[in-house]
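Since the structure comes first, as structure tokens, the remarks are kept for the end.
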Amino acid sequence: MASRANHLVLLGCGLLCAAALLCTQMIGPSAAQGGASQPPASVAAVPDPAAVSSFPVASDARLAGDARQTRFILDLDKPVQFRAFALADPYRVVVDLPQISFSLPAGIGIGGRGLVKAFRYGLVMPGGSRIVFDLTGPAKIAKSYVLEAANGQPPRLVLEFEQVDRTAFVQSLAPESRPELRPAIAEANAAAGPDSSTAAQPPQAPDKRPVIVIDPGHGGVDNGTQAGGGDFMEKNLVLTFGLALRDRIEKSGKYRVVMTRTDDSFIPLADRVKIARNEAAALFVSIHADALPRGEGDAQGATIYTLSDKASDSEAQRLADTENKSDAIGGVNLVDEPTEVADILIDLVQRETKTFSNRFARILMSEMKNTVRMHKQPLKSAGFRVLKAPDVPSVLVELGYVSNKGDLEHLVSENWRNKTVGSMAQAIDAFLAKRLATAGPGK
């Protein structure tokens, strides 16, 4: 009997311990989720491996050098690919990176050294991070590279800045990002005097053909809308379309075509407008592809937008708000047009430009509807910043909805693209032929 009693006591103790352990496991997560009590410090300090293992970690950053040459070093836990480029007015250098977990010391980047006034960093969109350097003056990226881990040192991203003058800085930029390029070169040539190597060359006649600016939307870290689990990105679809449209227009030889971007580059909205104005463009066409958020139904077909202070409907306003946030993604400060825009003469120009923009939109719709499925409301207006050149007729074309299966099939179809490019080229030719006949060759 005593042995059996002891057995029962031991069995009872075992059941009580099991119950206590089960109770502890059930209460712990519940309390943490409810917020009534904090989980043990040891639990809170352990990160979720799945949340951190997929992204490189930046652990430290520093600047070295002086006002002539400055080096930036970023310590990482694994090598990464990157793209660095410069921007003007104000002078900046931008580095695009894959998504990185920044674990840098507090306050780093607020102060600068040498050619770098300050720098800022962060996640700009899922899958993409960015570092923006504010420069003290014009400087070029003399070298940029990633060092593999060696001799007990971690992998490092290194940028070497070198002081240059304004002219050299502007010439180092991508063509579509060059502000005041022609004046800077003209002043430099005038100061240097005639060049003996070119003195014997006959002067080139200026190209007086009307300029058409084609603006493929988004680019760089700004992917735009996406479909197919990220396999189809708006920035790639519209770039392919824009290049095809350029090639078709140039075949006629009647127009000169300028692209705001020809590769996967991020171009701020204000710079896109500046390109059109610097080129005294006869027409500006921005190419995009829309998408409806999940749960907001389905929509299909192409839509043509012109500028309006007030959107023509709630969908147009939603799209304008989304597109206008592109500069925030790029980490670029937005600036308004100069105060001269408020002048009454500019106001008159803007009104005339709006009239021409609306006229082209109607011509474009008439041509496209013969070959392209159009939205049920094909003509709309909204406050797109990229359409705000006061003296350049401008439209924004949404080729379709990547969120719609049928539209997406069209957007990736070469046959559909060729037909759509053809109808747009015909509309451009019809619009400019009539306008030049009435306005003369100067515009």
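The values are calculated or read from the model by the stated rules, or taken from the named source; none is laboratory data. Quick caveat, the model's predicted, so the values are computed rather than measured. Note that each Cβ is placed from the backbone with ideal geometry, even for glycine, and that neighbours are counted across all protein chains shown. All accessible areas refer to the heavy atoms of the entire protein, side chains included, with ligands and DNA or RNA removed. Shrake-Rupley method; radii C 1.70, N 1.55, O 1.52, S 1.80 Å.
Each Lys or Arg adds one and each Asp or Glu takes one away; over the other residues whose Cβ falls under 9 Å from the Cβ of GLY242, this sums to +1. For the stretch 279-291, the Karplus equation 6.51 cos²θ - 1.76 cosθ + 1.60, evaluated at θ = phi - 60°, returns couplings of 8, 6, 5, 7, 7, 10, 10, 9, 10, 9, 9, 8, 7 Hz by residue, with Gly and Pro reported as x. Entry comment: accessible area of the stretch 349-424 is 43 Å² per residue, from protein heavy atoms only and a probe of 1.4 Å. Of the residues PHE55, PHE133, ranked by 1.4 Å probe accessible area with the largest first, the sequence reads PHE55, PHE133. Between VAL116 and THR136, the built amide H atoms are under 5 Å apart, and every one of these is 5 or more places off in sequence or on another chain.
For the set THR240, THR225, solvent exposure ranked by accessible area (probe 1.4 Å, protein chains only) runs largest to smallest as THR240, THR225.
Were the residues from LYS78 through LYS254 laid out at 0.36 nm apart, the gain over their Cα-Cα distance would be 58.2 nm. Provide the net charge surrounding THR355, with neighbours chosen by a C-beta distance below 12 Å and charges set as Lys +1, Arg +1, Asp -1, Glu -1. Around THR355, the surrounding residues sum to +4.
With all protein chains present, how much of the accessible area of the stretch 355-443 (probe radius 1.4 Å) comes from carbon and sulfur, to the nearest whole percent? Don't jump to the answer; show the numbers that get you there.
Working: 1820 of 3790 Å².
Carbon-and-sulfur percentage of accessible area, whole number: 48.
Seen from ILE214, the other residues with C-beta closer than 10 Å to its C-beta sum to a net charge of +1, counting Lys and Arg as +1 and Asp and Glu as -1.
Residue by residue, the stretch 167-173 carries 3J(HN,Hα) couplings of 5, 5, 5, 4, 5, 7, 6 Hz when phi is fed to the Karplus relation 6.51 cos²θ - 1.76 cosθ + 1.60 (θ = phi - 60°); x denotes Gly or Pro.
Find the relative contact order for the stretch 90-160 and round it to a whole percent, using C-alpha pairs within less than 8 Å whose residues are 6+ positions apart.
Values: 113 pairs, mean separation 21.2, N = 71.
Value for the stretch 90-160: 30 percent.
Here the simple spin-label model places points 7 Å from the Cα toward Cβ, and for THR371 and ASP264 these points are separated by 2.9 nm.
Listed values for the stretch 114-120 are Karplus-derived 3J(HN,Hα) couplings in whole Hz (6.51 cos²θ - 1.76 cosθ + 1.60, θ = phi - 60°), namely x, 7, 9, 6, 5, 8, 9, and x replaces Gly and Pro. In the full protein context, the stretch 211-307 carries 35 Å² of accessible surface per residue, based on a 1.4 Å probe and ignoring ligands, DNA and RNA.
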